[in-house]
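What follows is calculated from the coordinates using simple rules that are stated; it is not laboratory data. Just so it is clear, the model here is predicted, and its values are computed rather than measured. A quick note on method: Cβ atoms are made from the backbone with ideal geometry, for glycine too, and the neighbour counts reach across all protein chains shown.
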Amino acid sequence: MPEPRRLYSKAKVLGYRRNPYVQNPNHSLLRVEGVNTRADTDFYMGKRVAYVYRAERKINDSKVRVIWGRIVHAHGNGGVVRATFRKNLPPKSFGATVRVMLYPSRV
């Protein structure tokens, strides 16, 4: 039997897009594993992102919830990307792992 394959890449939430005085919660900064240059980020543009977390109260017999987003732009030259989510990520998510799905494909 073949090994199960993971159909997503992992990324860390670094925080909101910001300047020294104001932070913009509409854009979250993500560092995707294995991406170290701006050229590497091009593959991930438009990919879906899922922040999966557990909540206290059950909905449909599950405590697991998801906030969906999309990678929209590179941020700097070090391989960091900007993502927008349907609902802004909570500050509790900073440092947490998100899933970068390998769809939609642009090939």
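Taking amide hydrogens as placed 1.01 Å from N in the peptide plane, the amide H of A96 sits under 5 Å from those of V13, each at least 5 positions away in sequence or on another chain.
Overall form of the chain: oblate. Here a/c, set by the Cα gyration tensor axes a ≥ b ≥ c, is 1.5 or more, and a/b is not larger than b/c.
May I ask you to list the residues of the range 73-95 whose amide nitrogen lies under 16 Å from a point 7 Å from Cα along the Cα→beta-carbon direction of M101? From the range 73-95, the list is 84-87. Every helix of 4 or more DSSP H residues in the chain counts as -39500 (n - 2.57), and over all residues that averages to -500 deg cm²/dmol at 222 nm. Among 79-89, 51-61, sorting by the average number of other beta carbon atoms lying within 10 angstrom of each residue, highest first, gives 79-89, 51-61. Applying 1/(1 + (r/R0)^6) with R0 = 41 Å to the Cβ-Cβ distance of N60 and L14, what FRET efficiency is obtained, to the nearest 0.05? Efficiency at R0 = 41 Å is approximately 0.85. Its relative contact order, with pairs defined as Cα atoms under 8 Å and 6+ residues apart, puts the chain at 36 percent.
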